[in-house]
């Protein structure tokens, strides 16, 4: 049995398990580069937290070696309004594995309360040092299972394709201090409450994350940034991402991380022309399945002064 045949069998089995359980996952968990360098895609409270309007585009898995492996794409933008007392943003995410595709369109609003602290923070910081933000998001989630493409005969489960469009409402909280940040969010608290097709069982997904910024005047051009992301979803074990990155004066970054019972992550990034940031990461599965290995990147752009602060 060759590799391509094995891959098709793996994908068919995944699709069969999903259909047998009648469960649709809200979205794949973003990789290291995505949620660390564009938290807005999982938390609406992040809208407008950056000093300037920011746009980001990211993908995962599009350079994988074989058809049917997991793929993700996201495009988003957010910025401040009302003298930076509020933030707005919007985006689109698309996740695909085998013949199953999930596409989400969303718009977000965040209200902010600012603080200021006497602190020892780097002069090249590119974040508001003290802000409490509450965010809400609304959107539409479209699910599509092209089961007939699998070519499985004499089984009613695979006899027709499945499509559904579901409205979603989410909430988020963020507190950003100069030395740490903490956030909680859920992109869709409604779950499957508004799904007309009861064969769909859409579970709520909750994210919690905490990060710390280690900075010392003796090494004023360096910042060490450990962080952890927790994901809870009904019917699935608690997932934790433990990561650390080192930033040099908003010029380049290196990082590594571990996702429990799943994979390791490696990251490298560079800041270009003051306004652009490019991050590349590689996701290496801890098991023997080729479906877990993936390349990903995120390209972000901040308007105005960009990422370089005088």
Counting other C-beta atoms within 10 Å, which of 267, 238 has the fewest, and how do the rest follow?
-> 238, 267
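Could you compute the FRET efficiency for residue 82 and residue 142, with r as their C-beta to C-beta distance and R0 at 35 Å, rounded to 0.05?
The calculated FRET efficiency here is 0.65.
Values quoted throughout were computed directly from the atomic coordinates according to the rules given, and no laboratory measurement underlies them. Computed from a predicted model, the values in this text were never measured in an experiment. Heads up, the Cβs are rebuilt from the backbone with ideal geometry, glycines too, and the neighbour counts pull from every protein chain shown.
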